[in-house]
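Asker: First, the structure itself, so that you have it in front of you.
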Ligand SMILES: Cc1cc2nc3c(=O)[nH]c(=O)nc-3n(C[C@H](O)[C@H](O)[C@H](O)COP(=O)(O)O)c2cc1C
């Protein structure tokens, strides 16, 4: 056993253990909602058609070849149709299947559990008042969450003060709602959730490349500050990944 044993355990498959410790799904516990419910009186923000922002044709080889982590953002505002396109590319719902058992989305997810919520900290987006929003993926709309003072500084602080984060007109923060996967896969869920998060961020990179935007995956963030910023309890829901977005500096 090394000092890393506990961490390495996360990387290992635990599906055999489900035979001894059946998941809530196997025990017949009702499934949790496909996404976090929003207050009935929430004023949802309509999003433009996500197709509008994408170029009609892309050279996939060139796009994959040119993909890079980009940490420079021009001060120009993003357009709401670009936010719409990125939300759709990373978590967009294509269909709800088996009478509400699962969603099929633009990214894969173990058992199609899709255990994530998407938050956008918008500092400079045309058509969107500055603030934090949550993506209502099933409706393809935004739910206003809060408008903290000094938003760009708070997001940078939550990202271990990586300074380029401050200059991004929008920052995507993804939280995990682990029970959505634990319900199905019990102790085997956590590796699946980690694998799933890579898929959504990779789609963010590919979509940004197609749209001519900059983005970079952020894994170095302050768990407590990030959860507090979004008002999450840090247990049933907590931040797992962050990505700032903006126009490239020309
Ligand atoms: C899981 C993960 C976490 C990362 N965290 C950060 C980060 O906190 N800050 C940062 O500047 N880059 C971060 N990166 C970006 C990597 O530094 C980058 O992918 C790597 O240098 C290779 O460059 P490329 O993406 O252009 O191929 C992260 C990338 C991944 C996949």
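The values are calculated or read from the model by the stated rules, or taken from the named source; none is laboratory data. None of the values given here were measured: they were computed from a predicted structure. Here Cβ is always computed from backbone atoms with ideal geometry, including for glycine, and neighbour counts include all displayed protein chains.
Asker: Based on this model, can you work out whether residue 157 counts as crowded, with 22+ Cβ neighbours inside 10 Å and either touching a residue at least 12 places away in the same chain (Cβ under 8 Å) or within 16 Å of the ligand (Cβ to nearest atom) (or both)?
Answerer: Working: crowded, with 22+ Cβ neighbours inside 10 Å: no; either touching a residue at least 12 places away in the same chain (Cβ under 8 Å) or within 16 Å of the ligand (Cβ to nearest atom) (or both): yes.
Criteria not met by residue 157.
Asker: Among the listed residues 213, 232, identify the single one that is closer than 19 Å to residue 137 by Cβ, out of contact with any helix residue (DSSP H, G or I) (no Cβ under 6 Å at 6 or more places or on another chain) and more than 12 Å from the ligand (Cβ to nearest atom). Steps first, please.
Answerer: Details: 213 fails: closer than 19 Å to residue 137 by Cβ.
Only one candidate passes the filter, namely 232.
Asker: Name the one entry in 120, 96 that is surrounded by fewer than 17 Cβ atoms within 10 Å (Cβ to Cβ) and assigned to a strand (DSSP E or B). Give the derivation first.
Answerer: On the way: 120 fails: surrounded by fewer than 17 Cβ atoms within 10 Å (Cβ to Cβ).
Matching residue, one of 120, 96: 96.
Asker: Every residue in the range 71-93 that is touching a helix residue (DSSP H, G or I) at 6+ places or on another chain (Cβ under 8 Å) and either in a loop (DSSP other than H, G, I, E, B) or within 16 Å of the ligand (Cβ to nearest atom) (or both), please.
Answerer: Passing the criteria: 71, 72, 73, 75, 90, 92.
Asker: Right, another one. Could you list all residues from the range 168-186 that are more than 13 Å from the ligand (Cβ to nearest atom) and either more than 18 Å from residue 117 (Cα to Cα) or in a helix (DSSP H, G or I) (or both)?
Answerer: Scanning the range 168-186 gives 169, 179, 180, 181, 182, 183, 184, 185, 186.
Asker: Would you say residue 18 is at pLDDT below 95, within 22 Å of residue 182 (Cα to Cα) and surrounded by 15 or more Cβ atoms within 10 Å (Cβ to Cβ)? Quick ask: steps written out before the conclusion?
Answerer: On the way: at pLDDT below 95: yes; within 22 Å of residue 182 (Cα to Cα): yes; surrounded by 15 or more Cβ atoms within 10 Å (Cβ to Cβ): yes.
Yes.
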